[in-house]
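Student: Structure provided below as C-alpha coordinates; questions to follow.
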Amino acid sequence: MSARLESNVNELKRVLEEVADRYAPAALSSSLSAEDMVITDAILTSNLNIEIFTIDTGRLHGDTLQLLDAIRRRYRYHVRVFTPDAGAVAQYVAGHGRDAFFSSTELRRECCHIRKVEPLKRALHGKKAWITGLRQENSAGRGTVPRREFDDSYLLLKVNPLAGWSEDDVWEYLRAYSVPYNELYDQGYRSIGCAPCTRPVAIGENIRAGRWWWEQGEGKECGLHARLDGTLVRAKEAA
Ligand code: SF4
(Lines give C-alpha, C1' and ligand atoms only; values in the text may rest on other atoms or scores of the structure.)
Protein backbone atom coordinates (compact mmCIF):
# COMPACT_ATOMS: atom_id res chain seq x y z
CA MET A 1 0.00 0.00 0.00
CA SER A 2 1.40 3.43 -0.93
CA ALA A 3 1.92 6.09 1.74
CA ARG A 4 -0.68 8.26 0.02
CA LEU A 5 -3.30 5.52 0.08
CA GLU A 6 -2.54 4.75 3.71
CA SER A 7 -2.96 8.42 4.59
CA ASN A 8 -6.18 8.67 2.56
CA VAL A 9 -7.64 5.56 4.20
CA ASN A 10 -6.77 6.71 7.72
CA GLU A 11 -8.31 10.12 7.14
CA LEU A 12 -11.42 8.63 5.49
CA LYS A 13 -12.02 6.27 8.39
CA ARG A 14 -11.37 9.03 10.92
CA VAL A 15 -13.99 11.26 9.28
CA LEU A 16 -16.56 8.48 8.96
CA GLU A 17 -16.08 7.41 12.58
CA GLU A 18 -16.56 10.99 13.73
CA VAL A 19 -19.74 11.36 11.67
CA ALA A 20 -21.12 8.05 12.96
CA ASP A 21 -20.38 9.03 16.57
CA ARG A 22 -21.41 12.66 16.56
CA TYR A 23 -24.02 13.07 13.84
CA ALA A 24 -26.24 9.99 14.01
CA PRO A 25 -28.42 9.28 12.18
CA ALA A 26 -26.11 9.70 9.19
CA ALA A 27 -26.38 8.30 5.69
CA LEU A 28 -24.32 7.82 2.55
CA SER A 29 -26.28 8.60 -0.60
CA SER A 30 -24.70 6.15 -3.02
CA SER A 31 -25.07 6.39 -6.77
CA LEU A 32 -23.03 3.18 -6.82
CA SER A 33 -20.19 5.14 -8.41
CA ALA A 34 -16.54 4.23 -7.91
CA GLU A 35 -16.29 6.96 -5.26
CA ASP A 36 -19.37 5.73 -3.43
CA MET A 37 -17.99 2.18 -3.46
CA VAL A 38 -14.87 3.42 -1.68
CA ILE A 39 -16.99 4.97 1.06
CA THR A 40 -19.32 1.95 1.17
CA ASP A 41 -16.32 -0.33 1.71
CA ALA A 42 -14.92 1.92 4.43
CA ILE A 43 -18.27 2.06 6.26
CA LEU A 44 -19.04 -1.63 6.05
CA THR A 45 -15.58 -2.98 6.83
CA SER A 46 -15.43 -0.67 9.87
CA ASN A 47 -18.95 -1.66 10.92
CA LEU A 48 -20.00 1.97 11.31
CA ASN A 49 -23.51 3.07 12.15
CA ILE A 50 -24.12 4.88 8.86
CA GLU A 51 -27.00 3.96 6.55
CA ILE A 52 -26.24 3.45 2.88
CA PHE A 53 -29.02 4.17 0.42
CA THR A 54 -29.37 4.58 -3.30
CA ILE A 55 -32.02 5.99 -5.60
CA ASP A 56 -33.24 3.68 -8.33
CA THR A 57 -34.51 6.23 -10.81
CA GLY A 58 -36.06 3.57 -13.00
CA ARG A 59 -33.63 4.47 -15.78
CA LEU A 60 -30.37 3.00 -14.44
CA HIS A 61 -28.13 0.58 -16.33
CA GLY A 62 -28.48 -3.10 -15.41
CA ASP A 63 -24.74 -3.10 -14.60
CA THR A 64 -25.33 -0.40 -11.99
CA LEU A 65 -28.15 -2.30 -10.32
CA GLN A 66 -26.08 -5.49 -10.28
CA LEU A 67 -23.79 -3.78 -7.79
CA LEU A 68 -26.56 -4.03 -5.21
CA ASP A 69 -26.24 -7.82 -5.43
CA ALA A 70 -22.45 -7.56 -5.35
CA ILE A 71 -22.65 -5.51 -2.12
CA ARG A 72 -25.04 -8.03 -0.62
CA ARG A 73 -22.71 -10.90 -1.44
CA ARG A 74 -19.50 -9.18 -0.37
CA TYR A 75 -20.63 -7.40 2.81
CA ARG A 76 -23.95 -9.09 3.61
CA TYR A 77 -25.50 -5.62 3.56
CA HIS A 78 -28.74 -4.56 1.91
CA VAL A 79 -28.46 -1.06 0.47
CA ARG A 80 -31.73 0.77 1.07
CA VAL A 81 -33.38 1.59 -2.26
CA PHE A 82 -35.59 4.65 -2.76
CA THR A 83 -37.71 5.00 -5.88
CA PRO A 84 -39.51 7.97 -7.48
CA ASP A 85 -43.16 8.66 -6.85
CA ALA A 86 -44.94 6.47 -9.39
CA GLY A 87 -47.73 9.00 -9.96
CA ALA A 88 -45.30 11.83 -10.72
CA VAL A 89 -43.39 9.64 -13.17
CA ALA A 90 -46.61 8.58 -14.88
CA GLN A 91 -47.74 12.21 -15.16
CA TYR A 92 -44.40 13.26 -16.69
CA VAL A 93 -44.43 10.40 -19.20
CA ALA A 94 -48.06 11.03 -20.15
CA GLY A 95 -47.54 14.77 -20.51
CA HIS A 96 -44.15 14.94 -22.18
CA GLY A 97 -43.01 11.45 -23.16
CA ARG A 98 -40.63 9.08 -21.39
CA ASP A 99 -37.49 10.53 -22.96
CA ALA A 100 -38.63 14.17 -23.04
CA PHE A 101 -35.40 15.17 -21.27
CA PHE A 102 -33.72 15.25 -24.68
CA SER A 103 -36.07 18.10 -25.75
CA SER A 104 -35.05 20.83 -23.34
CA THR A 105 -32.99 21.53 -20.24
CA GLU A 106 -36.20 22.37 -18.37
CA LEU A 107 -37.72 18.97 -19.11
CA ARG A 108 -34.41 17.30 -18.25
CA ARG A 109 -34.32 19.05 -14.91
CA GLU A 110 -37.96 18.17 -14.28
CA CYS A 111 -37.18 14.51 -14.94
CA CYS A 112 -34.17 14.69 -12.59
CA HIS A 113 -36.32 16.37 -9.98
CA ILE A 114 -38.98 13.66 -10.09
CA ARG A 115 -36.64 10.70 -10.37
CA LYS A 116 -33.75 11.90 -8.16
CA VAL A 117 -34.31 15.02 -6.09
CA GLU A 118 -37.69 14.18 -4.57
CA PRO A 119 -36.61 10.65 -3.55
CA LEU A 120 -33.40 12.13 -2.09
CA LYS A 121 -35.45 14.49 0.06
CA ARG A 122 -37.37 11.53 1.42
CA ALA A 123 -34.19 9.54 2.00
CA LEU A 124 -32.50 12.36 3.92
CA HIS A 125 -35.53 13.21 6.03
CA GLY A 126 -34.58 13.02 9.72
CA LYS A 127 -30.85 12.61 9.04
CA LYS A 128 -28.24 14.77 10.75
CA ALA A 129 -25.44 14.12 8.28
CA TRP A 130 -25.32 13.37 4.57
CA ILE A 131 -22.19 11.74 3.20
CA THR A 132 -21.44 12.00 -0.50
CA GLY A 133 -18.70 10.87 -2.87
CA LEU A 134 -18.24 14.30 -4.46
CA ARG A 135 -14.69 15.13 -5.53
CA GLN A 136 -13.28 18.52 -6.46
CA GLU A 137 -11.76 17.10 -9.63
CA ASN A 138 -15.00 15.88 -11.14
CA SER A 139 -15.82 18.97 -13.17
CA ALA A 140 -15.25 22.68 -13.32
CA GLY A 141 -18.43 23.21 -11.33
CA ARG A 142 -17.14 21.07 -8.47
CA GLY A 143 -13.73 22.67 -8.15
CA THR A 144 -14.31 23.95 -4.65
CA VAL A 145 -16.18 21.05 -3.06
CA PRO A 146 -15.52 21.48 0.68
CA ARG A 147 -14.78 18.53 2.94
CA ARG A 148 -17.83 19.46 4.98
CA GLU A 149 -20.43 22.22 5.19
CA PHE A 150 -23.89 22.88 6.52
CA ASP A 151 -26.31 22.19 3.66
CA ASP A 152 -29.11 24.71 3.85
CA SER A 153 -31.20 22.89 1.27
CA TYR A 154 -31.57 19.81 3.40
CA LEU A 155 -30.69 21.39 6.76
CA LEU A 156 -28.00 18.93 7.77
CA LEU A 157 -24.25 18.50 7.78
CA LYS A 158 -22.97 17.51 4.36
CA VAL A 159 -19.70 15.60 4.40
CA ASN A 160 -17.62 14.99 1.30
CA PRO A 161 -14.75 12.85 2.59
CA LEU A 162 -13.27 12.28 -0.88
CA ALA A 163 -13.28 15.98 -1.80
CA GLY A 164 -9.49 16.06 -2.15
CA TRP A 165 -9.08 12.62 -3.72
CA SER A 166 -7.96 12.19 -7.33
CA GLU A 167 -9.49 9.67 -9.70
CA ASP A 168 -6.29 7.62 -9.31
CA ASP A 169 -6.72 7.68 -5.52
CA VAL A 170 -10.20 6.20 -5.92
CA TRP A 171 -9.00 3.40 -8.18
CA GLU A 172 -5.97 2.68 -6.03
CA TYR A 173 -8.33 2.09 -3.10
CA LEU A 174 -10.73 -0.08 -5.10
CA ARG A 175 -7.91 -2.25 -6.42
CA ALA A 176 -6.03 -2.49 -3.12
CA TYR A 177 -9.13 -3.79 -1.34
CA SER A 178 -10.67 -5.65 -4.28
CA VAL A 179 -13.87 -3.64 -3.95
CA PRO A 180 -16.64 -4.45 -6.46
CA TYR A 181 -17.30 -1.70 -9.00
CA ASN A 182 -19.58 -0.97 -11.93
CA GLU A 183 -18.29 -2.84 -14.99
CA LEU A 184 -19.28 0.09 -17.21
CA TYR A 185 -16.04 1.77 -16.07
CA ASP A 186 -14.20 -0.90 -18.06
CA GLN A 187 -16.15 0.20 -21.16
CA GLY A 188 -15.03 3.83 -21.11
CA TYR A 189 -17.57 5.35 -18.73
CA ARG A 190 -16.03 7.62 -16.11
CA SER A 191 -19.15 9.13 -14.51
CA ILE A 192 -22.28 6.99 -14.54
CA GLY A 193 -25.87 8.14 -14.14
CA CYS A 194 -29.10 7.08 -15.83
CA ALA A 195 -28.63 4.92 -18.93
CA PRO A 196 -30.15 7.27 -21.53
CA CYS A 197 -28.28 10.27 -20.14
CA THR A 198 -24.79 8.79 -19.84
CA ARG A 199 -22.25 7.72 -22.40
CA PRO A 200 -18.55 6.83 -22.39
CA VAL A 201 -16.02 9.66 -22.74
CA ALA A 202 -13.02 9.89 -25.01
CA ILE A 203 -9.47 10.05 -23.67
CA GLY A 204 -8.75 13.62 -22.58
CA GLU A 205 -12.41 14.56 -22.15
CA ASN A 206 -13.71 15.83 -18.81
CA ILE A 207 -14.87 13.04 -16.48
CA ARG A 208 -18.44 14.28 -16.63
CA ALA A 209 -18.51 15.01 -20.37
CA GLY A 210 -20.59 11.86 -20.87
CA ARG A 211 -23.43 13.14 -18.68
CA TRP A 212 -26.26 14.94 -20.56
CA TRP A 213 -23.80 15.27 -23.43
CA TRP A 214 -26.37 17.01 -25.65
CA GLU A 215 -26.50 20.01 -23.29
CA GLN A 216 -23.99 22.86 -23.40
CA GLY A 217 -22.35 24.76 -20.56
CA GLU A 218 -21.36 23.97 -17.01
CA GLY A 219 -24.82 23.66 -15.51
CA LYS A 220 -24.98 19.94 -16.15
CA GLU A 221 -26.04 18.86 -12.67
CA CYS A 222 -29.10 16.93 -11.67
CA GLY A 223 -30.16 19.24 -8.85
CA LEU A 224 -29.25 16.87 -6.02
CA HIS A 225 -26.71 19.39 -4.83
CA ALA A 226 -28.75 22.58 -4.96
CA ARG A 227 -29.84 25.29 -2.61
CA LEU A 228 -33.39 26.03 -1.58
CA ASP A 229 -33.75 28.71 -4.21
CA GLY A 230 -32.94 26.12 -6.84
CA THR A 231 -29.55 27.52 -7.82
CA LEU A 232 -26.77 25.01 -8.10
CA VAL A 233 -24.02 25.48 -5.60
CA ARG A 234 -20.98 25.82 -7.79
CA ALA A 235 -19.07 28.27 -5.63
CA LYS A 236 -18.95 26.12 -2.50
CA GLU A 237 -19.72 22.65 -3.69
CA ALA A 238 -21.58 20.82 -6.35
CA ALA A 239 -24.09 13.65 -8.29
S1 SF4 B 1 -30.42 11.57 -15.57
FE2 SF4 B 1 -31.84 11.52 -17.34
S3 SF4 B 1 -33.30 9.79 -17.02
FE4 SF4 B 1 -32.15 10.20 -15.09
S5 SF4 B 1 -33.51 11.47 -13.92
FE6 SF4 B 1 -32.12 12.89 -15.02
S7 SF4 B 1 -33.11 13.33 -17.03
FE8 SF4 B 1 -34.20 11.60 -16.07
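Student: Check Thr231 against each of (1) at pLDDT below 75; (2) under 17 Å from the mean Cα position of the chain (by Cα) and name the one condition it does not meet.
Tutor: If we test Thr231 against (1) at pLDDT below 75; (2) under 17 Å from the mean Cα position of the chain (by Cα), just (2) comes out false.
Student: Follow-up question, since we're still on this one. Within the range 194-217, take every residue that is closer than 19 Å to Gln136 by Cα and either near the ligand (Cβ under 10 Å from one of its atoms) or acidic (Asp, Glu) (or both) and give me the one that is surrounded by the fewest Cβ atoms within 10 Å (Cβ to Cβ).
Tutor: Result: Glu205.
Student: Could you list, in sequence order, the residues of the range 189-208 that are assigned to a helix (DSSP H, G or I) and of a type in the set (A, V, I, L, M, F, W, C)?
Tutor: First pass over the range 189-208, keeping only residues assigned to a helix (DSSP H, G or I): 195-197, 207-208.
Those that are assigned to a helix (DSSP H, G or I) and of a type in the set (A, V, I, L, M, F, W, C): Ala195, Cys197, Ile207.
Student: Just need a number here: residues in the range 44-74 that are of a type outside the set (Asp, Glu) and either more than 22 Å from Glu18 (Cα to Cα) or within 16 Å of the ligand (Cβ to nearest atom) (or both). Talk me through it step by step, then tell me what you get.
Tutor: Step one: of the range 44-74, the residues of a type outside the set (Asp, Glu) are 44-50, 52-55, 57-62, 64-68, 70-74.
With either more than 22 Å from Glu18 (Cα to Cα) or within 16 Å of the ligand (Cβ to nearest atom) (or both) added as a condition, the list becomes 54-55, 57-62, 64-68, 70-74.
Count: 18.
Student: Going through the range 209-219 one residue at a time, which ones are assigned to a loop (DSSP other than H, G, I, E, B) and within 19 Å of Lys116 (Cα to Cα)? Talk me through it step by step, then tell me what you get.
Tutor: If we filter the range 209-219 for residues that are assigned to a loop (DSSP other than H, G, I, E, B), which is where we start, we get 212-219.
Hits for the range 209-219 are Trp212, Trp213, Glu215, Gly219.
Student: Restrict the check to the range 193-216 and report whether at least one residue is closer than 17 Å to Arg135 by Cβ and at pLDDT 85 or above. Break it down into steps so the answer makes sense when it comes.
Tutor: Let us first name the residues in the range 193-216 that are closer than 17 Å to Arg135 by Cβ, namely 193, 201, 205-211.
Applying the additional criterion that residues be at pLDDT 85 or above yields 193.
There is at least one residue in the range 193-216 that is closer than 17 Å to Arg135 by Cβ and at pLDDT 85 or above.
Student: With the requirement that a residue be farther than 21 Å from Glu205 by Cα and outside any loop (DSSP other than H, G, I, E, B), what does the range 131-166 give you?
Tutor: Looking only at the range 131-166, we keep the residues that are farther than 21 Å from Glu205 by Cα, and these are 131-132, 146-162.
Of everything in the range 131-166, those that are farther than 21 Å from Glu205 by Cα and outside any loop (DSSP other than H, G, I, E, B) turn out to be Ile131, Arg148, Glu149, Phe150, Asp151, Leu156, Leu157, Lys158, Val159.
Student: Any residue at all in the range 93-106 that's under 27 Å from Gln187 (Cα atoms), surrounded by fewer than 16 Cβ atoms within 10 Å (Cβ to Cβ), among the acidic types (Asp, Glu) and over 16 Å from the mean Cα position of the chain (by Cα)?
Tutor: yes
Student: Now for a separate question. Please work out which residue is nearest to the ligand (Cβ to nearest atom), limiting yourself to the range 167-188 and to residues that are modelled with pLDDT of 95 or more and in a loop (DSSP other than H, G, I, E, B).
Tutor: If we take residues in the range 167-188 being modelled with pLDDT of 95 or more and in a loop (DSSP other than H, G, I, E, B), then Asn182 is nearest to the ligand (Cβ to nearest atom).
Student: On to the next question. I need the full set of residues from the range 120-134 which are over 17 Å from Val81 (Cα atoms) and within 14 Å of the chain's Cα centre (by Cα), in order please.
Tutor: Gly133, Leu134
Student: Of all residues in the range 1-25, which are more than 20 Å from Phe53 (Cβ to Cβ) and of a type in the set (Val, Ile, Thr)?
Tutor: Val9
Student: Is it the case that some residue within the range 109-130 is at pLDDT 95 or above and part of a strand (DSSP E or B)?
Tutor: Scanning the range 109-130, I find at least one residue that is at pLDDT 95 or above and part of a strand (DSSP E or B), so the answer is yes.
The values are calculated or read from the model by the stated rules, or taken from the named source; none is laboratory data. Note that the structure is a prediction, hence the values are computed from the model and not measured. Virtual Cβ from ideal backbone geometry, glycine too; neighbours counted across all protein chains shown.
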